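Throughout, read-outs are computed from the coordinates displayed, never taken from laboratory work. Every value quoted in this text rests on a predicted model; they were computed, and no experiment measured them. Here the Cβ positions follow ideal geometry from the backbone for every residue, glycine too, while neighbour counts run over all protein chains shown.
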Amino acid sequence: MTTCALDDLRILDLAGDIGIYAAKLLADLGADVIRIEPPSGDPARRIGPFYHDDASPERSLSYFHLNTNKRGITLDLTSDDGRALFRRLVATADVVVETFEPGFLDGIGLGYDALTEIRPNLILTSITGFGQDGPHARYRWSDIVGVAMGGMMTLAGDKADPPNMPYGYQGYTGAGIQAAAGTLMAVLQRDNGGGGQHVDVSMQEALSINQETAMQTFDMTGAIRQRTGARGALPIDIAGIGVYDCTDGQVFAYLGTPGGAPWSAMLEWMTDAGKAEDLNDDPYREMIGQLNLRFLTGLAALAADPPKLQAALGTLGHIYDVFSRFCKSQSKWTLYEEGQRRRLMFGVVSTPADLVKNPQLQARAWLHDVHHDELGETLRYAGPPYRLSETPWAIHRRAPLPGEHNIDVYGDELGLSLPDVEALRARGVV
Amino acid sequence: MSIDATPTRGQPLSGIKVADFSWFGAGPICAENLATFGATVVRVESEAHLDGLRSVGPFPPGKNTYNVSGYFNNYNAGKLDLTLNLNTPLGKRMAEKLIAWSDIFLTNFTPRIIERWGLLYEELVRLRPDIIAVYQPMQGYDGPHKDFMGFGAVLSPITGYNELCGFPERPPMGIGTNYPDYVINPGHTLVAILAALHHRRKTGHGQRIELAQIESSVAPLAPALMDCTVNGRVETRAGNRLPHAAPHGAFRCRDGEWNGQPEDRWCAIAVFDDAQWWGLVAAMGSPAWAKDERFGSHAGRKAHEDEIDAQISGWTAGRPAEEVMALLQSQGVPAGVVQNARDMLQDEHLKARGYYVYLDHPEAGRTAYDGPPFRLSKTPGVLRSPAPLLGEHNELVCREILGMSDEEIAEALIAQALY
């Protein structure tokens, strides 16, 4: 029997979109996470994609993914009876994760101070767009607001377009990861005898470090990093850098980088394949011999000599065209796997279908099958972000159906009788 | 401001010792967070193979030594720095002593290098039985792609971010950074380490943690994967829109000016329900076009999203982005300026919360660092010192942690083990 790292923790999960991933990370490492949904329906169940495109609350694949290993109960926190029940649950809990507007829980008598009177060492993790205090604390947030205000979006996309929102709720993902880490940091302090505390996660702050060098660049030099489109910082197309079409999709190439083989190894491969055209003749061969990232600096120096620069650009352009034709004749997996064997840095521009059949993920059995009794089907899920040898990540339980564990939790654990639970249900409390 | 090897007091990780054999982004950021919450972290580097970020800018004006890179320094605050050449026998023995001292060992070097240096988990537990040994390979320690090269620039395309991010008519260019390096991978690693520490406190057992960077990066894209495995749909770029929101995107506002040049300014706006829609309409001054009954429901707004976007753009175009945000927020609509780095550093809200931290570095001067990524009310986390100079703490670490005498330190210098 394997053990779980967090099997001594009980977590009450009141989180909306911004915090569900945090509670999932903890649940998948063994915490007993009880997800609390309003009886009127959990908005998180309305987020797609959906099982067979059936947009009903029990069919959201996004919800399935974000709520593995959690138990689910319904509870109306806006009613007195609901709050009384919640207090009884808090008395059994180690952590509460919540994402209400700052001050909301205080307003209904369930703020940090009130909760720690019930459970002195409780950890309250609050995840919001902008944190618990400061002039924007009450600002409304959503994922796109987070990536905009957190400095990520300004770096993404082409100058001809609006700044790009990263796919897949990366604002919520980043906030969720930092919140899971912050919660565990507080757990360790409690282990030290330091008691519980309030963990404050601001999505804006959680994402700031994703700006890469932009923040320090402005701080140190006053320059503002911009979105730079497909070419990145390069002024012209350079053979072997960027996105290339293949027979069956696209690859991203980054040749001539430190640690990898020089461009001449690429020429050798194209020659072996009979697709080097005239690149073994000068001036192409000579230029290929010097084609690396440092070369571009030299190119800038040529700006003082326009005819020479024009000739160099013409030579480079031809190498780019021949290289592009070579890529176009190959499959993306050939370029990736054979390229890597030759120490040439290619990567498949993976579609979701490519990820599902990625040979490395397959060989490591990364995807996980989870059986859904209610669907009579086994669904294939994404696998773990990490592998812990003693306390492995595991999916023991699919996401709960609405109120699936009401009887377990209210009856078996809090000791309410079945008629009591039924009466609460009739009044809309659970 | 300087630090030494004395343990902190009263912090979550006080007394925890970390041997940080990592480089670039994913490892060092994680170890910096451990230091911020009280751990003693020794960053191990070598002049024989410098961390690439030390030679990449930004650099302060007029300086470009490997101690002043803003890229490197932002990920290494609060650490002690030891230069150790593991390709020398003495350097290897010193590394083993450091690991025997450590609670946590962290590396993102390739499996080939780690195998060559003899730093696999099976080898480390002989030095320190309850160690938490953390490996962040690109692809994993087994499997057919185990030795593939890669870093952030190719990790994003391989893991699906490039295919899925951006506008459909553009190539899959990614989001302009080596994205998984900064939160996804270091953050997931931090979660795993803290869970393992909790487990060790209960049981006394350490363990091996492997975070294959492709697996950690793909994990948050699970819904797109499941749309494929369950529904057979292969999603691709969809720009700034979401199925359950409309309007939803970045809207161009009045140009600003920076250094005498016009600067494009944008505000993100998100409308998920009728209340937010009517808030938007009110913020715009209730224009006649917005009262069209076609726009009265989410389904209607979704069906006419292009038309609505064009109308909103007409309204935002004449206003500063900050004014658009403030007007919409006052009506309860999620909205935020697309902030650039200048906006971030000058953001009054972030200033009020003290997010960015300015530290005095002996060579780089006073520069900004990202503060703690989360706040704990009783133990808020502190960047105790700026990033270390290369080898800054060689003598301190040798003497106080490795217990070496002056003669032994001199010997290590001569043997180029301390290098």
Per-residue HN-Hα couplings for segment A:172-185 [Karplus 6.51, -1.76, 1.60; θ = phi - 60°; Hz; x = Gly/Pro]: 5, 4, x, 4, x, 5, 5, 5, 5, 5, x, 4, 5, 4
Nearest 10 degrees, 0 to 90: helix A:263-272 Cα axis against chain A principal axis: 80 degrees
Net charge, B:PHE59 excluded, C-beta distance under 12 Å - Lys, Arg +1, Asp, Glu -1: 0
Label-point separation in nm, B:ARG9 to A:HIS371, each point 7 Å along Cα→Cβ: 5.7 nm
Candidate lysines for bridging to B:LYS291, where Cα separation is under 21 Å - those fewer than 8 sequence places away on the same chain excluded: B:LYS302
Cα shape, segment B:248-346, gyration tensor, a/c 1.5 rule: prolate
Dipole magnitude of segment A:234-353, debye to nearest 20 (Cβ charges: Lys/Arg +1, Asp/Glu -1, about Cα centre): 320 debye
Two-decimal Rg to Rh for the protein assembly as shown - Kirkwood Rh, Cα set: 0.96
Local electrostatic count at B:GLU96 - Lys and Arg +1, Asp and Glu -1, tallied over other residues with Cβ under 11 Å: +4
Average other protein chain Cβ within 10 Å of Cβ, residues B:268-275: 4
Segment B:THR65-B:ASP130, length gained on full extension (0.36 nm per residue, minus Cα span): 19.5 nm
Peptide B:70-76 - average C-beta neighbours from other chains (10 Å radius): 3
Gaussian network model of chain A, springs between alpha carbon atoms under 10 Å - residue of A:ASP408, A:ASP281, A:ASP200 with greatest fluctuation: A:ASP281
Sequence-distant residues sharing a close amide H with B:VAL338 (under 5 Å, placed H): B:TRP266, B:CYS267, B:ALA268
Student exercise, the protein assembly as shown dipole from Lys, Arg, Asp, Glu Cβ charges, in Debye to nearest 20: 420 debye
Radius of gyration, Dmax [segment A:282-363; alpha carbons; angstrom]: 17.2, 54
Ranked list, fewest to most other Cβ atoms within 10 Å of each Cβ, for B:LEU413, A:LEU355, B:LEU90: B:LEU413, B:LEU90, A:LEU355
Packing-based exposure ordering (other Cβ within 10 Å, fewest first) of A:ILE108, A:ILE238: A:ILE108, A:ILE238
Efficiency of FRET between A:ALA300 and B:ALA238 - r from beta-carbon atoms, R0 30 angstrom, step 0.05: 0.20
Label-point separation in nm, B:GLU323 to B:LEU389, each point 7 Å along Cα→Cβ: 5.1 nm
Residue mean of other protein chain beta carbons inside 10 Å, B:327-336: 5
Surrounding net charge for B:PHE295, when Lys and Arg each add one and Asp and Glu each subtract one, Cβ distance under 14 Å: -4
Segment A:234-353 pair-distance distribution - Cα-Cα, 10 Å bins, rounded %: 13, 47, 30, 8, 1
Listed pairs B:LYS79/B:LYS351; A:LYS24/B:LYS17; A:LYS275/A:LYS308; A:LYS24/A:LYS70; A:LYS24/B:LYS378; B:LYS17/B:LYS79 exceeding 18 Å between Cα atoms: B:LYS79/B:LYS351; A:LYS24/B:LYS17; A:LYS275/A:LYS308; A:LYS24/B:LYS378
Per-peptide average of other Cβ atoms within 10 Å, ordering B:63-76, A:211-224 highest first: B:63-76, A:211-224
GNM top mover of B:ASP51, B:ASP370, B:ASP273 - chain B, alpha-carbon springs below 10 Å: B:ASP273
Hypothetical label at B:ARG254: residues of segment B:322-339 whose amide nitrogen lies under 11 Å (7 Å Cα-Cβ projection): B:322-324
Ordering of A:248-258, A:45-55 by burial proxy (mean other Cβ atoms within 10 Å per residue, highest first): A:248-258, A:45-55
Which of B:ARG126, A:ARG387, B:ARG399 has the fewest Cβ neighbours within 10 Å, and the rest in rising order: B:ARG126, B:ARG399, A:ARG387
Between helix A:332-341 and chain A: long-axis angle, C-alpha atoms, 0 to 90°, nearest 10: 80 degrees
GNM result for chain B, Cα springs below 10 Å: residue of B:ARG342, B:ARG54, B:ARG201 fluctuating most strongly: B:ARG342
Placed amide H near B:PHE374: partners under 5 Å, 5+ positions off or other chain: none
Relative pair counts by distance (%), Cα atoms of segment A:351-426, 5 Å bins: 3, 11, 16, 14, 13, 13, 10, 7, 6, 5, 2
B:HIS205 versus A:LYS159: modelled label distance in nm, points set 7 Å from Cα along the beta carbon direction: 5.7 nm
